1. Against the condition within 20 Å of Ser39 (Cβ to Cβ), of a type in the set (D, E, K, R) and either within 18 Å of the chain's Cα centre (by Cα) or modelled with pLDDT of 75 or more (or both), how does Asp121 come out, does it pass?
2. Can you name the number of the only condition in (1) more than 30 Å from Lys104 (Cα to Cα); (2) assigned by TED's automatic domain parsing to the domain that holds Pro119; (3) at pLDDT 90 or above; (4) of a type outside the set (Asp, Glu) that Gly18 fails?
3. Quick test of your reading of the structure: Leu184 fulfils all but one of (1) surrounded by 13 or more Cβ atoms within 10 Å (Cβ to Cβ); (2) modelled with pLDDT under 80. Name the failing condition by number.
4. If I filter segment 45-55 for residues that are at pLDDT 90 or above and among the β-branched types (Val, Ile, Thr), do I get at least one hit?
5. When segment 43-71 is examined, which residues are found to be without any contact (Cβ under 8 Å) to a residue 40 or more places away in the chain and under 30 Å from Asp15 (Cα atoms)?
Amino acid sequence: MVNETTLRIKDLEMDDSGKYSIRVKFTSARYKDYTFHLSVYEPVPEPKILSQIVSNSPDGCNVTLQCQVAEKGEINISWERDLKDGSKSYHLSGNGKDLHLFWKLNSSDPNITCLVTNPADQKSISFNLLHICQTEGDCQLTFVVELLRWSILIFFVILLLLAGFGIKTWKTRRTMPTNEGRKLLVRAEGKS
């Protein structure tokens, strides 16, 4: 406004949006009328990304990502892609929430970001396509790692069982009388 004058309004509520008129009185006793439109926006809610793999092949995978956000007034949804040369094919749904793309496996940075904005706020969330797009070799490697993990666990369980059995056998033999003790016991019983 004139002379860098500012108007500060505190404790706004959603119902405060609308057209406002003010009258400014200058030291020269002149008055000037101003009209402005005030729009009040709620903070943007936290978005989340739901993913669905459509198909997987040795070359890449077809994926649908959906940016979900609780509707609160005027919200814009956009996608930021750090795919560089990784994604050659993509399209958005009519409302911009759904991103359908083909991602070439083993290409550069597979991060996709959903950006949710209104004129007063913005929030974003990123999703790494490697979480759902794996090559066949990756799947086989995951299977081998899991198999190895279970094999080691089973080995230690068997080892503990054998150790327990060995300790029990050792304690049982330690409490049994020796041959000399048995002979004395038999003689003592025979004399009575």
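The values are calculated or read from the model by the stated rules, or taken from the named source; none is laboratory data. For clarity, every value in this text was computed on a predicted model and none was experimentally measured. Ideal geometry is used to build each Cβ from the backbone, glycine not excepted, and the neighbour counts take in all protein chains shown.
1. yes
2. Looking at each condition in turn, Gly18 falls short on (2).
3. (1)
4. Checking segment 45-55: at least one residue is at pLDDT 90 or above and among the β-branched types (Val, Ile, Thr).
5. The answer is Gln68, Ala70, Glu71.
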